[in-house]
Amino acid sequence: MDGIGGFPHAGASGAAAESAGPPAPAGPADDGDPGDHGDPRDPGGHAEHGERDDEGDGAPEAAGAEPALDRPLPEGVRHRVVAFAAEAFGSFTYQELPVSLRPYARFTPTRRVKYAGTALAAALEHDPAFRQKVAARLRESQAELAGALEGGTPPPAADPLDVAAAAYLLRPPGWAKLVATAGEEAQRADAERADEEALRELAALRAEVEALHEQGRADAARARAELETVRKEGDALHRKLRSALSDVKRAEAAQRRLQVEVEELRSAAAHDKAAADSEARRLRTRLAEAEAVIETGRKAAREGRSIEDVRLRLLLDTVLDAASGLRRELALPPRDTMAVRPADTVDAVAPGAFSARDIATRALSETDPALLDQLLALPQAHLVVDGYNVTKTGYPAMPLEKQRLRLLGGLAALAAQSGAEVTCVFDGADLDMPVLLAPPRGVRVLFSKAGETADELIRRLVRAEPPGRQIVVVSADREVADGVAKAGARPVASTLLLRRLARV
């Protein structure tokens with residue numbers, strides 16, 4: 001059995017019933033009355049005897065009354081019974097309610113059905129007095145239906161579930177049959193609805209299968225068309241491939257012919273080179289003979305033989321003519337067309353190759369403020385200042401805000417005097433909020449971003465400038481000075497800028 005009196009237990013309703021306590025007893029029982037025990041196979045027997053004991057003035061049921069239900073109430077009937085009880089619940093006083101239902105006294109009918117359904121069902125089954133009170137409310141609200149049931153002629157047009165629920169509460173003769181008939185009607189209606197749903201699903205599936213067949217036929221036709229297209233494209237590609245193979249064979253034949261021609265040209269070039277070498281050897285022989293003749297003429301001159309001077313001159317002219325012919329044959333360039341002389345390849349410092357930075361370094365001391373003036377006087381000079389490095393060197397006792405204002409005021413005057421571009425960089429890694437600062441005219445003020453130091457920002461500024469521009473970086477940090485020097489900038493000490501600003 002799923003529940004008391006044929007009512008299945010629900011999770012939430014059961015929990016509410018348990019929290020409210022055990023249901024009230026059906027009524028006092030007389031130990032000496034054997035009828036109180038009832039039939040153990042009849043789950044409603046004890047409730048019927050209890051009903052007769054509790055009703056008191058009510059009319060007792062006939063001795064030949066129909067037996068109680070031998071199966072659980074149909075779900076639809078159970079829901080209507082609980083709904084009737086939940087509606088009638090609100091018309092009872094707190095004392096009239098069974099103990100198990102008193103925690104739900106302030107609930108709305110909908111909440112009673114949801115949370116107290118099991119408790120209501122148990123009370124209706126085991127508390128005849130409560131059931132008779134609900135039945136009395138049902139007689140008042142649905143007098144026609146109640147009268148028809150008690151007269152043994154249920155209205156044929158009424159809802160079978162309403163008839164079964166009213167019969168369960170009123171308990172007229174034959175009520176168990178009415179409840180069972182309502183359950184069968186409900187099952188039959190559910191079965192008919194399930195059949196209709198199955199037929200609708202079958203029709204939908206058939207339509208879907210037909211659509212799939214149509215789609216399959218369309219896909220097959222499309223696939224055949226695509227296959228035909230692919231076959232045609234394959235034939236075209238085969239033809240192109242055969243044509244390409246023919247072109248490759250022709251190209252290979254042409255390549256073999258070119259290789260033969262190259263070999264012939266190489267052989268001809270080797271023959272010409274051998275001939276040129278032979279001619280060069282012949283000319284060198286003639287040159288050696290001429291040198292020998294010249295040497296002989298020198299010896300004759302020393303010996304004072306005048307006739308031999310004429311012969312020597314003739315031989316010398318011959319040698320010069322031969323040398324001119326050899327120069328033309330070897331295609332040697334004239335002396336005045338040679339652009340680079342051997343002396344031009346020697347590495348040395350030529351006059352005028354010193355840079356402005358070297359001249360300034362040689363002319364002035366590293367601590368002379370005039371050195372900074374000379375550097376800033378160069379064309380397109382850019383002065384980059386490590387702000388806090390300078391201020392903490394010159395006036396560390398002042399607050400940071402006043403340090404910035406004093407340095408920027410001096411740099412503004414220096415920018416106006418020199419005309420150079422001036423950028424002052426401060427470390428902004430520890431700033432909690434933006435600095436409210438109006439940069440002076442002619443001075444660019446930058447703060448490093450979070451996670452970046454002022455030194456890194458200075459290096460990025462130097463790398464951003466084009467090669468060859470004069471960049472002067474003021475910082476006492478040796479690491480910064482070495483880094484910017486490698487990048488092509490001119491580092492100067494912070495004390496040099498402070499001395500120069502002292503003259504502003």
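In the calculated pair-distance distribution of region 364-503, the portion above 27 angstrom amounts to 13 percent of the Cα-Cα pairs. Compared with the alpha-carbon gap, the fully stretched path from R231 to E263 is longer by 6.8 nm at 0.36 nm per residue. Can you tell me how region 242-300 classifies by the Cα gyration tensor, rounded, prolate or oblate, using a/c under 1.5 as the rounded cut? Because a/c hits 1.5 or more and a/b exceeds b/c, region 242-300 counts as prolate. Here is the list for region 80-177: trypsin sites (Lys or Arg not before Pro) lying in DSSP coil, each with at most 11 other C-beta atoms within 10 angstrom of its C-beta, are R106.
Take the Cα of T453, step 7 Å toward its Cβ, do the same at A220, and the gap between the two points is 8.0 nm.
Which trypsin sites (Lys or Arg not before Pro) in region 400-473 sit in a loop by DSSP (not H, G, I, E or B) and have at most 13 other Cβ atoms within 10 Å of their own Cβ?
R441, K449
Between K114 and E366, the contour length at 0.36 nm per residue exceeds the alpha carbon distance by 81.2 nm.
For region 75-231, list log₁₀ I(q)/I(0) at each q in 0.11 Å⁻¹, using the Debye formula over Cα point scatterers of equal strength and ignoring solvent, two decimals each. Log-scaled intensity ratios, in q order: -0.56.
Over all other residues within a Cβ to Cβ distance under 14 Å of D247, the charged ones net out to +4, with Lys and Arg as +1 and Asp and Glu as -1. Evaluated with a Cβ-only charge set (Lys, Arg +1; Asp, Glu -1), region 162-242 carries a dipole of roughly 720 debye about its Cα centre, given to the nearest 20.
None of the figures in this text is laboratory data; all of them are computed from the coordinates on show. Every value quoted in this text rests on a predicted model; they were computed, and no experiment measured them. When we count neighbours, we look across all protein chains shown, and the Cβ atoms used for this are built from the backbone with ideal geometry, even at glycine.
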